[in-house]
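Right, one structure below, let's go through it.
No lab work stands behind these numbers, since they all come straight from the coordinates. A quick note: this is a predicted structure, and the numbers were derived from the prediction, not measured. Cβ: placed from backbone, ideal geometry, glycine included. Neighbour counts: every protein chain shown.
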There are 2 protein chains.
Amino acid sequence: MFEAAEVGSRIDKEAYKREVPKVREALLAAQRELAASGLAAAVHIGGGDELGKVSALNALLSWLDARGVESFALGPPTDEERARPRFWRYWRLLPPRGRMVILLGSWYTAPIVDRVYGRMDDVTFEREMRRIRDFERMLVQEHVPLVKFWLHLSKAKQKKRLAKVKRDPQSRWLIGDEAWTYFKKYDRFREVAESALRLTSTGVAPWHVVESTNDRYRNLTVATTLTRALRDALEVAKATAARSSRRAALPKPRKFNVIRQLDLSRNLSDDEYERALTRHGARLARLVRQLHEADRSLILAFEGPDAAGKGGTIRRLTQAMDARLYRVISVAAPTDEEAVHPYLWRFWRYVPAHGAVRIFDRSWYGRVLVERIEGLATREEWSRAYAEINEFEAQLAEAGAVLLKFWLAISAEEQLRRFTDRRTTPYKQYKLTEEDWRNRRKWDAYEAAACDMIERTSTDHAPWVLVEAEDKRWARVQTMKTVCKHLEKALSD
Amino acid sequence: MFEAAEVGSRIDKEAYKREVPKVREALLAAQRELAASGLAAAVHIGGGDELGKVSALNALLSWLDARGVESFALGPPTDEERARPRFWRYWRLLPPRGRMVILLGSWYTAPIVDRVYGRMDDVTFEREMRRIRDFERMLVQEHVPLVKFWLHLSKAKQKKRLAKVKRDPQSRWLIGDEAWTYFKKYDRFREVAESALRLTSTGVAPWHVVESTNDRYRNLTVATTLTRALRDALEVAKATAARSSRRAALPKPRKFNVIRQLDLSRNLSDDEYERALTRHGARLARLVRQLHEADRSLILAFEGPDAAGKGGTIRRLTQAMDARLYRVISVAAPTDEEAVHPYLWRFWRYVPAHGAVRIFDRSWYGRVLVERIEGLATREEWSRAYAEINEFEAQLAEAGAVLLKFWLAISAEEQLRRFTDRRTTPYKQYKLTEEDWRNRRKWDAYEAAACDMIERTSTDHAPWVLVEAEDKRWARVQTMKTVCKHLEKALSD
């Protein structure tokens, strides 16, 4: 794969001088079109040639319009980053629509280095690459085209460059000591990098291997390739928009669905309720403390029809927790910063650090519920969201989170009773809006969408828990018991 | 001061049961009104009684509507926080309009502990308290009323509580070991806290000292006090809005002003320019590296009329820097998340970590330039901004930043020439907008506002540098030389 990048490609000074203005103008024009479109772009500059990467980044930044681009050179993760799933740091840097981000260092760095040094086996490495492939596909589909460069230097040229840098006090500091250590493993790095590139060069996010021997050749090639890639992305986006704006029909209700199987007559007397709440509240308090001490996190997501009792259930849970440990995130319409990022971005924002508890009152499942039903996501968008959400949750679980998702189930009749009660009780009126009534008219479609969701996203490490919520007391106690049970299991592992 | 909170105030169970529903309803109503208003609120729960603080927080969170409130229990700063000015971590947590944040631990913690342990002398302590007073006044004026509680326990009660906690395995972990260490210095803590409260209890952000002996009394008192404080803030806001919405007249031009004193005929030949750029570029490259190695940061802000050449000047500077070290922040209209926070919030977001360079293409000075001229800030708002900005910059400088502000000066005739050039050169047309022409018609007012700004915000640690920019080459070289000069001075200190 790298042979083609060892042929000694170069551009002489004269040609460079001639070419640069043209290349720049085309690049700027593509950037301007990007800014006007609904796309963002992530540019990744990788490869073993540290100096070459910095020089390419310098060139791009001096040719692009500074108002639309940001760059990040990623070093070791900060402690805020280390306390969260590995991809959190990349989600933090994702550009909003209209803007571009250039990354030196990325999600490839750690797996490649770990594989070279034998800290990761082949199977895990391939799994990592598959995960990256999914991540990148999702970015591209979520309006963030990815342009990936791998700057290649042959072993002989690399050796020569390092020796030259070592002699020159002006540039010596530009590359770290690890460049020398890495060079000793040049062949192995080449091998692992080749396999990484092979596994992750996809139609939507292909690799561009650029020979890095000659600065002028490299910088021009990177700039022209980027221009072309941006133009391609803009065209693809236009074509896709034309094709995929269609909504799907409302999901049809199914007679025998998992939600209808629930026995909504379950209930607790006041007495049973008070006793159970006290007992399991104490149990929950103890478990949450142990979880904190074990440096693990707890993530709970609550979904269900309006007035199903999500708020009240969450309140009972949190009353049993140390207020220093939890945060409740109430999910409403996205802010404009959230709206210009991929839909999962706003939930990544709230991913807790180890040792903390986050409770989501409504969640990322909005994508396959309200956004699906109301046509806010296209068929293509919500259809792929199941897999994207499963991957998101897998990453949370891998980072040590105990993750549970609750569906609070009530009947349509009970909802009507609660709406009516809200309408007539002065201090509850603010809780009832016209939207609630609108949603209610699509009850069957919501229920069917919920069934699809439960079927497709209930996993071992992030199960859906269906709770009979016709009786609020029953729902609260069931929820609390379930959280306790899962915490006990996780802590005993 | 604390004597009044040692009288043994308590509420019995029966009265508590009777009161809670009423207190809750009033609190919820105030929270709802806040959400509908343009105000945010920051609630601070301080005091030596760790258990009491957690219990008060738990009570508030269970009584408030979770959708409008967030809480943060601040531990030691993370490494991302330690790499920035001390207040950065608090700015991160400021609530947007309509929402409330409750803080356990705050800007008071470090100075009080440091003073008690003699790591801070009296003069510095008082200066810190004055700084806090300014910060809080600014928050309140920027629509973030502050409600400050100090939970007090007498020495005897504190001793009793600690002993009780020690015996009880269920609550022992709730307070850290430092609570015991601190208790040994109870008298000194009391003394220092009293002086802190005295120095920072102001009309806009008074302290509420609450006796913490009896849980029920404390929780009810905190809730009712908070309700009243929110209502007060809402009323003050209404009254202020009626009074201060008036704009000031446009600033009048002054014949002999500092900008007009500049000799705009200064220029460089192509040859001089190329030589100077090469020479000082190499110098700048070396200095920025040294700055990075010294773990200090560089912050440059660029202001000046449209078409003064800010972008080009910044580009020449960055070409001499390692792209891994700098970021250019182009300041345009605030996003909606930025717009619902105090105006400095969006600049605090971009405060660089130690070792990094941030260049602002337009800056926080928009407050006293375009926002003043266009009436986007009231007279009261932009008038106080000078002091607020000076304080902001003092904090940056204290954290080790080298901070420079450039005013690029051109004549009105030169601007017209550049506009015309942009209009007629195809690839420059996008740079010229109707807004540029609109601003141009207010040239004199902008110049006068700039003079006010320079006069009031040029300080030793954050000077304004006026650059004759009629000749772009002269401006670029002057800027580069000035940055070098200041870096050399800072690095030799």
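Structure above, values below:
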| quantity | calculated |
| --- | --- |
| Rounded if a/c under 1.5, otherwise prolate or oblate - the range B:266-307, Cα gyration tensor axes | oblate |
| Aspartates and glutamates with Cα under 17 Å of residue A:489, excluding same-chain neighbours fewer than 8 positions away | A:293, A:295, A:398, A:460 |
| Surrounding net charge for residue A:204, when Lys and Arg each add one and Asp and Glu each subtract one, Cβ distance under 10 Å | +1 |
| Restricting the range B:244-295 to trypsin sites (Lys or Arg not before Pro) in coil, as DSSP defines it, with at most 12 other Cβ within 10 Å | B:246, B:255 |
| Candidate lysines for bridging to residue A:166, where Cα separation is under 19 Å - those fewer than 8 sequence places away on the same chain excluded | A:53, A:155, A:157, A:184, A:185 |
| Pair residue B:155, residue B:278: separation of 7 Å Cα→Cβ label points (nm) | 7.6 |
| Using alpha-carbon coordinates, inclination of helix B:443-457 to the longest axis of chain B, degrees | 50 |
| Under Karplus coefficients 6.51, -1.76 and 1.60, residue-wise ³J(HN,Hα) of the range B:41-52 in Hz, glycine/proline x | 9, 10, 10, 10, 10, x, x, x, 8, 4, 4, x |
| In the range B:116-163, trypsin sites (Lys or Arg not before Pro) in a DSSP loop with at most 16 other beta-carbon atoms within 10 Å | B:119 |
| Label geometry 7 Å along the beta-carbon vector: residue B:17 inter-copy distances in nm | 9.3 |
| Label distances, nm, residue A:424 versus same residue in remaining copies, Cβ-directed 7 Å point | 7.9 |
| Kirkwood Rh and Cα Rg combined as Rg/Rh, the range A:1-96 | 1.03 |
| 0 to 90° range, to nearest 10: angle between helix B:13-36 axis and chain B longest Cα axis | 10 |
| Residues with amide H under 5 Å from that of residue A:208, placed H, sequence gap 5 or more | A:148, A:149, A:150 |
| Mean residue ellipticity (222 nm) of chain B, computed from DSSP H runs ≥ 4 via -39,500 (n - 2.57), nearest 500 | -17000 deg cm²/dmol |
| Part-to-part distance (alpha-carbon centres) for the range B:437-469 and the range A:446-493, which is given in Å | 61 |
| Karplus-derived 3J(HN,Hα), 6.51/-1.76/1.60, for each residue of the range B:147-161, Hz, glycine and proline x | 10, 10, 10, 10, 8, 10, 10, 5, 4, 4, 5, 4, 4, 4, 5 |
| Cα gyration tensor category, rounded, prolate or oblate, for the range B:270-492 with a/c compared to 1.5 | oblate |
| Sorted largest first, extent of the range B:108-232 alpha carbons per principal axis (Å) | 47, 37, 21 |
| Computed log₁₀ I(q)/I(0) - Debye formula, equal Cα scatterers, no solvent, the range B:236-287, q 0.28 Å⁻¹ | -1.01 |
| Equivalent ellipsoid semi-axes - Cα gyration tensor, the range B:136-176, angstrom | 35, 13, 6 |
| Contact order relative to length of chain B, as percent, for alpha carbon pairs under 8 angstrom and 6 or more apart | 19 |
| Nearest-20 debye value, the range A:3-244 charge dipole, Cβ charges on Lys, Arg, Asp, Glu | 360 |
| Stokes-Einstein D (µm²/s) once Rh is taken as the Kirkwood radius of the protein assembly as shown over alpha-carbon pairs, at 20 °C in 1.002 mPa s | 68 |
| Shape category assigned to the range B:403-493 from the gyration tensor of Cα positions, a/c cut at 1.5 | oblate |
| Label 7 Å beyond Cα on the Cβ vector: residue B:155 copy-to-copy distances, nm | 7.7 |
| Rg/Rh ratio calculated on Cα atoms of chain B (Kirkwood radius) | 1.05 |
| Radius ratio Rg over Rh of the range A:89-133, counting only Cα atoms, Kirkwood formula for Rh | 1.09 |
| Degrees separating the helix B:472-492 axis from the principal Cα axis of chain B, which is the longest one | 40 |
| Amide hydrogen neighbours beyond the local backbone of residue B:360, cut-off 5 Å, H modeled | B:300, B:301, B:302, B:329 |
| Cα→Cβ-extended label distance, 7 Å offset, between residue A:429 and residue B:350, nm | 4.6 |
| Whole-Hz couplings from phi, Karplus 6.51/-1.76/1.60, listed for the range A:274-279; x for Gly and Pro | 4, 5, 5, 5, 5, 5 |
| Net dipole in debye of the range A:226-288 [+1 Lys, Arg Cβ; -1 Asp, Glu Cβ; about Cα centre; nearest 20] | 560 |
| Rounded to whole Å, sorted largest first: equivalent-ellipsoid semi-axes of the range B:3-239, Cα gyration tensor | 26, 24, 16 |
